[in-house]
Amino acid sequence: MPVLVITGTGTEVGKTVTTAAVAAAALAAGRSVAVLKAAQTGVRPDERGDADEVARLAGAVTAQEVARYPEPLAPGTAARRAGLAPVHPQEVAERAAKLAAEHDLVLVEGAGGLLVRFDAAGGTLADAARSLGAPVLIVAQAGLGTLNATELTARELRRHGLEPLGVVIGSWPAAPDLATRCNVADLPEVSGAPLLGALPAGAGALPPADFRASAPGWLTPRLDGTWDAEAFRAREGA
């Protein structure tokens, strides 16, 4: 798995922190890691972007962006309003392939959800993943409403000829309600993909050293971790 594409079921689902956790676990397993942000929006040239945040939390990763736009909008819209060249899926794929020649693992983080448009032609992260032939990890919310969004994302991946590697819950609350606990069992069923981890709420606020030490415990061995999905389900599920 030299390249792994990470998408979310929407915005603010914990995609960047999950990317950092996957990177930290891989580094702890002795692998070299690069992180590529397909399109960074809502950040000025002098501000830290998502790839920088992954590096801050995870440690010694190669962090790159394909493009950056100042307004917090979909990449295609942000590029047009800024008068800048848009990102094209093939460009993302080419940058990822180049990094893969120099690293054991390349994590390609999308912007927003799977079908957020990069350019006027309607290119998306799914197109980049298809060009790479890369597996896609879905980061989902924990609570009410997540089943529909997760199933739609998994269906769209398969429509593009891609198989989701699995689902990670981007932020697991300290006191989950009934819907959240039921979703532990329901997310794998609706997505047709295994549950590969759950990050505790507030994980991104941990000191980097604590984050790196804890990250493998949030992810299954498929992602270089030690997390046990069945034990988690027995403890937290309804």
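Here are a few things to note about the model shown:
- Gap separating the Cα centres of the range 185-219 and the range 73-111, nearest whole Å: 25 Å
- In the range 89-161, the inverse of the mean reciprocal separation of distinct Cα atoms equals 13.2 Å; this is its Kirkwood hydrodynamic radius.
- Here the extension length gained between Thr226 and Ala213 equals 3.5 nm, from 0.36 nm per residue of separation less the Cα-Cα distance.
- DSSP-defined beta bridges in the range 105-238 - what % are antiparallel, rounded to 5: 10 percent
- Convex hull of the range 123-238 built on C-alpha atoms - directionally averaged projected area, nm²: 7.7 nm²
- The chain, relative contact order [Cα under 8 Å, separation at least 6], %: 25 percent
- Contact order for the range 1-136, expressed relative to its length and based on alpha carbon pairs under 8 Å spaced 6+ residues apart, stands at 37 percent.
- Within the listed set Pro208, Pro164, Pro75, the Gaussian network model of the chain (springs between alpha-carbon atoms below 10 Å) gives the highest mean-square fluctuation for Pro208.
- Projecting label points 7 angstrom from Cα along Cα→Cβ for Ala121 and Asp104 puts them 3.6 nm apart.
- Of all accessible heavy-atom area on the chain, the percent that carbon and sulfur account for (1.4 Å): 51 percent
- Cα gyration tensor category, rounded, prolate or oblate, for the range 148-209 with a/c compared to 1.5: oblate
- Bridges between two residues of the chain, per DSSP, are antiparallel at a rate of about 5%.
- Quarter of the Cα convex hull surface for the range 1-53, i.e. its orientation-mean projected area (nm²): 4.3 nm²
- On the basis of the beta-carbon distance and an R0 of 30 Å, Ala60 and Ala205 show a calculated FRET efficiency of 0.90.
- Around Gly110: net Lys/Arg minus Asp/Glu count, Cβ-Cβ under 12 Å: 0
- For the range 173-238, radius of gyration divided by Kirkwood radius, i.e. Rg to Rh on alpha-carbons: 0.99
- Packing order of peptides 91-98, 143-150, highest average first: 91-98, 143-150 (average count of other Cβ atoms within 10 Å over each peptide's residues).
- Counting only Cα atoms, the size of the range 21-103 along its three principal axes is 42, 25, 17 Å, in decreasing order.
- Rg ratio (alpha-carbon, reference 2.2 N^0.38 Å) - the range 19-171: 1.01
- Helix 15-28 and the long axis of the chain differ in direction by around 80°, with both axes built from C-alpha atoms.
- Amide H contacts under 5 Å for Leu165, placed H, 5+ residues apart: Val136, Leu137, Ile138
- Over the chain: helical MRE at 222 nm, DSSP H runs n ≥ 4 each giving -39500 (n - 2.57), nearest 500: -12000 deg cm²/dmol
- Once the Cα-Cα distance is subtracted from the 0.36 nm per residue extended length, the Arg80 to His160 segment shows a gain of 26.2 nm.
The values are calculated or read from the model by the stated rules, or taken from the named source; none is laboratory data. Here the structure is a predicted model, which means the values were calculated and not measured. Every residue, glycine among them, receives a Cβ derived from its backbone with ideal geometry; neighbour counts consider all protein chains shown. Accessible surface is based on the protein model in full, side chains and every heavy atom, while ligands, DNA and RNA are left aside. Shrake-Rupley method; radii C 1.70, N 1.55, O 1.52, S 1.80 Å.
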